[in-house]
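Notes to accompany the following structure.
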Amino acid sequence: MERDTKRVLLGEALGHALHDSWYGVAPVLLAALSAQMALNNADIALAILLYQIVSSITQPFFGRFSERFGGRPFAVGSIVWTTAMFSIVLFTNSKLVLMGCIAAAGLGSGAWHPQGTVNSTVAGGRRWGATAASIFFFGGTLGTSLLGAALGGFLIDAFGRQSLLGLSALTILLALTIVRSTVPRTLAVQDEAHIREQAAASGGSDRLFWVMVAVLLVGVALRSLVQFTLNTFVPKYQQDMGVSPTVYGGLMSAFLFGNAIGGVIGSYAADHIGIRRILLASLILGGLCFYGFLIAQGIWSYLLFALGGIFFGPSHTLFLVSGQRRFPQRMATVSGLLLGFIFVSGAGGAWILGLVADRIGLARVLAVVPWAMLGAAIAAFISVPQQAPAPAVRESAEVQAR
């Protein structure tokens, strides 16, 4: 990677950490305010759901806007906007204002992620696209867990919620300096010659192309279902087994950290030996680990779950990069569509499984996870080319004309 592209990737990863720090703060802040503002569990869940819904619905539109007007205004503006909405929450005692501000903060999420995903993938070029995208998502994970949940929780506990203004000042300062100077004003797309090469290499009809896209979406939906199901129900599954919150909290932390580390390692390997190979291996090995987690006992069960998190990590980035490369002229738009689809399919599927679990038990519902992983692997085998085309980029003609 060249020096300039490394700066872009650094800026996008840092910006992702800054923006998503507020997503990490949100559940901690809501829990801390629950007694003071009479927030029950349903209120807390609704606030997070509203944020996610607004984010998922608006991402395709912000992706298209980024293609037309460039990425930098949305990169900087989204961090400032999300920070402003959460800063208002620090001073309100109105449940309605709180819900409205957190929902409105979802607009910042919708504006941030499409441009960030594309600029990061493009920064990796033909050779390192998946690796660069995984570093972008790794930055978001660190921001959520360290800046958000850890630092935010400490500040609230030690000094009260208004002390989070320090986090507000930090995020806005870094957004207006480092992020603004490193994120490019324009957004890159593939050049026309490379697009024609890819179309010729596919050798298929438009109908076959869209069939492959549909199969890819099935794989994305199944993978997302697993992610949301594990995040939502494994703590409750462990609690029903008599495990303490400290233990299953540590278990989920190991799983999420493994996701982040596995995402980078697996994406690096994919750039070397092919996206489809690593994607298939990731899904199959992860499914085997989750199956072992459900049937094993004690420490072996926990080790398999953490290991499953490492194997599971790369599939998010690799599915997303595969989708981008099927629509080289609209990478930001398709990134927004896929990220929004990931939320809708995962959250909706997990909600349905929750209803089923109330009838047949959580253990039997979690048994679906390995089979969903197998289904995602089959979809990936069908829809992801053996040699996924890598991006050859140029500046968007629409932006250049401005």
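The values are calculated or read from the model by the stated rules, or taken from the named source; none is laboratory data. All values reported here derive from a predicted model rather than from experimental measurement. Don't worry about glycine lacking a Cβ; one is built from the backbone with ideal geometry, like all the others, and counts go over all protein chains shown. Accessible surface areas use protein heavy atoms only, side chains included; no ligands, DNA or RNA. Shrake-Rupley method; radii C 1.70, N 1.55, O 1.52, S 1.80 Å.
Observations on the structure shown:
- Taking the stretch 313-371 as the range and being among the β-branched types (V, I, T) and at pLDDT below 80 as the test, the residues that pass are T333, V334, V344.
- The lone exception for R223 - which of (1) under 16 Å from the mean Cα position of the chain (by Cα); (2) surrounded by fewer than 20 Cβ atoms within 10 Å (Cβ to Cβ); (3) modelled with pLDDT of 85 or more it fails: (2)
- Failed item, numbered, when L288 is tested on (1) aliphatic (A, V, I, L, M); (2) over 13 Å from S267 (Cβ atoms); (3) under 17 Å from the mean Cα position of the chain (by Cα): (3)
Let's see how each residue does on (1) under 21 Å from F381 (Cα atoms); (2) in a helix (DSSP H, G or I); (3) modelled with pLDDT of 90 or more; (4) aliphatic (A, V, I, L, M):
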position	(1), (2), (3), (4)
W128	no, yes, no, no
G140	no, yes, no, no
L147	no, yes, no, yes
A175	no, yes, yes, yes
T186	no, no, no, no
A201	yes, yes, no, yes
W210	yes, yes, no, no
V213	yes, yes, no, yes
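- Any hit, the stretch 237-258, residues being closer than 22 Å to S345 by Cβ, crowded, with 17+ Cβ neighbours inside 10 Å and either of a type in the set (S, T, Y) or more than 18 Å from the chain's Cα centre (by Cα) (or both): yes
- Residue check, A17 hydrophobic (A, V, I, L, M, F, W, C), within 20 Å of L339 (Cα to Cα) and open to solvent by 10 Å² or more (accessible area, probe 1.4 Å): yes
- Screening the candidates F311, F319 for the property of being under 18 Å from H113 (Cβ atoms), surrounded by 19 or more Cβ atoms within 10 Å (Cβ to Cβ), aromatic (F, W, Y) and within 18 Å of the chain's Cα centre (by Cα) yields one hit, F319.
- Among the criteria (1) open to solvent by 60 Å² or more (accessible area, probe 1.4 Å); (2) touching a residue at least 40 places away in the same chain (Cβ under 8 Å), the one L96 does not fulfil is (2).
- Qualifying positions in the stretch 157-169 - touching a residue at least 60 places away in the same chain (Cβ under 8 Å) and within 26 Å of the chain's Cα centre (by Cα): L164, L165, L167, S168
- Under the condition of being open to solvent by 10 Å² or more (accessible area, probe 1.4 Å), closer than 21 Å to G160 by Cα and of a type in the set (F, W, Y), the residues counted in the stretch 70-93 number 1.
- Selection count where residues are touching a Lys or Arg at 6+ places or on another chain (Cβ under 9 Å) and crowded, with 22+ Cβ neighbours inside 10 Å, scope the stretch 55-69: 2
- Yes/no for F327 being among the hydrophobic types (A, V, I, L, M, F, W, C), without any contact (Cβ under 8 Å) to a residue 12 or more places away in the chain and surrounded by fewer than 23 Cβ atoms within 10 Å (Cβ to Cβ): yes
- Condition check for L288: assigned to a helix (DSSP H, G or I) and either in contact with a Ser or Thr (Cβ under 9 Å, 6 or more places away or on another chain) or surrounded by 22 or more Cβ atoms within 10 Å (Cβ to Cβ) (or both): no
- Checklist (1) open to solvent by less than 50 Å² (accessible area, probe 1.4 Å); (2) over 26 Å from A38 (Cα atoms); (3) more than 22 Å from the chain's Cα centre (by Cα) applied to S109, failing item: (3)
- With respect to (1) surrounded by 15 or more Cβ atoms within 10 Å (Cβ to Cβ); (2) without any contact (Cβ under 8 Å) to a residue 12 or more places away in the chain, the lone exception for Q52 is condition (2).
- Selection count, the stretch 1-14, where residues are touching a residue at least 12 places away in the same chain (Cβ under 8 Å), assigned to a helix (DSSP H, G or I) and open to solvent by 30 Å² or more (accessible area, probe 1.4 Å): 5
- Output for the stretch 25-49, where each listed residue is without any contact (Cβ under 8 Å) to a residue 24 or more places away in the chain, open to solvent by 40 Å² or more (accessible area, probe 1.4 Å) and farther than 22 Å from A350 by Cα: A31, A35
- Selection status of A35, hydrophobic (A, V, I, L, M, F, W, C), out of contact with any Leu (no Cβ under 8 Å at 6 or more places or on another chain) and not in a helix (DSSP H, G or I): yes
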